[in-house]
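J.: Take this structure, written in C-alpha cells, and hold onto it; I'll ask about it next.
Values quoted throughout were computed directly from the atomic coordinates according to the rules given, and no laboratory measurement underlies them. Since the model is a prediction, treat every value here as computed from it, not as a measurement. Glycine gets a Cβ as well: all are built from the backbone with ideal geometry, and neighbour counts include every protein chain shown.
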There are 2 protein chains.
Amino acid sequence: MTSKKERTREMILEAAYPLFAKEGFNKITMKDICDATGLSRGGLYSHFPGTKELFEAILVRIQEKEEMNFQKEMAAGMSATEILEKALSLMEEEMKQPDESLSLAIYEYAGSVSQPVMNDFTQIGFDKWSSLIQYGIKRKEFHSVDVFELTNVILYVYQGVRMWSRITDMTPAVFSSIINHIRKELLRNEE
Amino acid sequence: MTSKKERTREMILEAAYPLFAKEGFNKITMKDICDATGLSRGGLYSHFPGTKELFEAILVRIQEKEEMNFQKEMAAGMSATEILEKALSLMEEEMKQPDESLSLAIYEYAGSVSQPVMNDFTQIGFDKWSSLIQYGIKRKEFHSVDVFELTNVILYVYQGVRMWSRITDMTPAVFSSIINHIRKELLRNEE
C-alpha cells in the first residue's frame, strides 16, 4: 500500500513539474494538477493539501536527489574529477532547457512563503558543492581554491543563467563558457 | 522648455524606479506613477504612453549610464584597475540592497515583450564588461583571461545574486566573496 502511495506521489510531482516550470507558481491551481494527473480532487488532496506543499515537495526532491548522488559517490570513493564532470554535464544540459527552469515559479513561490524555507533550499545546494570541492582538494585533484567563494560563484552564476535564459536568447556558447570557467577553477590539469 | 521636459522625465523615472523594484512590473499602473510623482494623468501621458515604455526608459537609462561611464573613463586613459575597482564597489553596494533590485520587475516585464528588447539590454552589459576586460589586458593590468567566459560569469553571477537576494537571506560575506572572485580573476597582483 505504501509503495503505491509513494508511486502516486512521485507521479504527481512529475506531472506538476512542467506546469510550474511553464506557468510559474501563482497561476497553477490544484485543478490544473488534477487535470494533468487524471486524479480526482479527493485523490490529489489525500497527497497534498495545496499547491504550496506540492511545490515544496518538488523543490525538496530535486535538492535531495542531487545531494544524495554527491554523497553516495564520495562515500564510494569515486574520483572528485569524475563527480565534477558528471555534475557539470548535468548542469550544462539543464542550462540548455530554459523551459524546464523553475526560476519563475521559485520567484513567485518565494513571495508567498517565509524566508526559512528558501534558506534551507539554498543551504542544501551550498553544502552539496562545498563538500565536493573540499573532497577534491583533499584528494589533490582540485586546486586549493577558496571553497566559500567558488561555491557561491557556482550557485549564483547557475541561478543567473536559469533566470536570464528564460527572458533572453542565450547561445550554447554562453553555457559552455560558464561550465568551462568552473572546470578551470577546479581542475589542476586544465591550466 | 526642453530642459524642463527633460527634468520632469528624469523625475518620473526616479520616482517610478522604487515602485517597480518593490512591486514588480505587472502590479504597477500609470495611476500609481501619477500618485508617486504628483503629476496629472495628462502630464504623465505626455511623457510616456504606458508603464511598458516607462519601464524600458528606466532600463535603458541604467545601462547607458554605466556603459557611458566605462567608455568615458577608458577614453580618458584611466587605469583599468581603477575602473574595475569602482565598478566592483558599485556592484557590491547594489548587492547589499536587494529591495532595490529590479529583477522581479524585469522578469515580469520580459514576459510581456518581444525578446529583442531584453537581448539588447543584455548586449549592452556584455559590451561594457568585455571592453573593460580587453582594455585591462591590453594595458597588462589584467590577466589574459578568456574575455567571453569571464564576462558571462560576471553578468550572470550578478543577476543570480540580484534575484536570490530577494528571496533568501544573503550575508554580506556572500557578496564580498563574489566580488573577490572577479577581482582575483582579473588583477595580476592579487594572486
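J.: In peptide B:100-109, what is the residue-averaged number of other protein chain Cβ atoms found within 10 Å of each Cβ?
T.: Mean inter-chain Cβ contacts per residue within 10 Å come to 3.
J.: In peptide B:164-173, what is the residue-averaged number of other protein chain Cβ atoms found within 10 Å of each Cβ?
T.: Counting other chains' Cβ atoms within 10 Å and averaging over B:164-173 gives 5.
J.: So which of B:LYS65/B:LYS96; B:LYS22/B:LYS184; A:LYS86/B:LYS184; A:LYS52/A:LYS128; A:LYS27/A:LYS86; A:LYS22/B:LYS27 end up more than 23 Å apart, counting from Cα to Cα?
T.: B:LYS22/B:LYS184; A:LYS86/B:LYS184; A:LYS52/A:LYS128; A:LYS27/A:LYS86
J.: Determine the shape class of chain A: with a ≥ b ≥ c the square roots of the Cα gyration tensor eigenvalues, call it rounded for a/c under 1.5, and otherwise prolate if a/b is greater than b/c, oblate otherwise.
T.: prolate
J.: Summarise the partner chain shielding of B:140-149 as one whole number: the mean count of Cβ atoms from other chains within 10 Å of each residue's Cβ.
T.: 2
J.: So what's the back-of-envelope 222 nm ellipticity for chain B, counting only DSSP H runs of four-plus at -39500 (n - 2.57) apiece and dividing by all residues, rounded to 500?
T.: Here the helix-only value at 222 nm equals -25000 deg cm²/dmol.
J.: So the label point sits 7 Å from Cα along the Cα-to-Cβ vector; using that for B:LYS27, what distances do you get to the other copies, in nanometres, sorted shortest first?
T.: Taking the point 7 Å beyond Cα along Cα→Cβ, the inter-copy spacings are 1.9 nm.
J.: Quick query: amide H of B:PHE142 versus all other amide H atoms, modeled in the peptide plane; which residues come in under 5 Å with a sequence gap of 5 or more or a different chain?
T.: Close amide H contacts, sequence-distant or interchain: B:ILE137.
J.: Sticking with the crude label model, points 7 Å out along Cα→Cβ, report the distance from B:GLN123 to B:LYS5 in nm, one decimal please.
T.: Label at B:GLN123, label at B:LYS5, 2.8 nm between them.
J.: Over 26 Å, how big is the tail of the calculated P(r) for the protein assembly as shown, in percent of all Cα pairs?
T.: Roughly 58 percent, rounded to a whole number.
J.: Determine the gain in length on full extension of the stretch A:ARG41-A:GLN97; use 0.36 nm per residue of separation and subtract their C-alpha separation, reporting nm with one decimal.
T.: So the chain would gain 17.0 nm between A:ARG41 and A:GLN97.
J.: In nm to one decimal, list the spacings between the A:SER131 label point and its equivalents in the other copies, with label points set 7 Å along Cα to Cβ, shortest first.
T.: 4.7
J.: Further question: Which FRET efficiency value, to the nearest 0.05, is calculated for B:ASP169 and A:GLN71 with the Förster distance at 22 angstrom and r the Cβ-Cβ distance?
T.: 0.30
J.: Then there is this: Among B:28-37, A:3-12, A:177-186, A:33-42, what's the highest-first ranking by average C-beta atoms within 10 angstrom per residue?
T.: The packing order, highest mean first, is A:177-186, B:28-37, A:33-42, A:3-12.
J.: How much FRET efficiency would the formula 1/(1 + (r/R0)^6) give for A:LYS138 and B:ILE137, where r is the Cβ-Cβ distance and R0 is 30 Å, rounded to 0.05?
T.: So the FRET efficiency works out to roughly 0.30.
J.: Also, I was wondering about something else. Once each part is reduced to its C-alpha centroid, what is the distance from the stretch A:40-114 to the stretch B:5-19 in angstrom?
T.: One Cα centre to the other: 41 Å.
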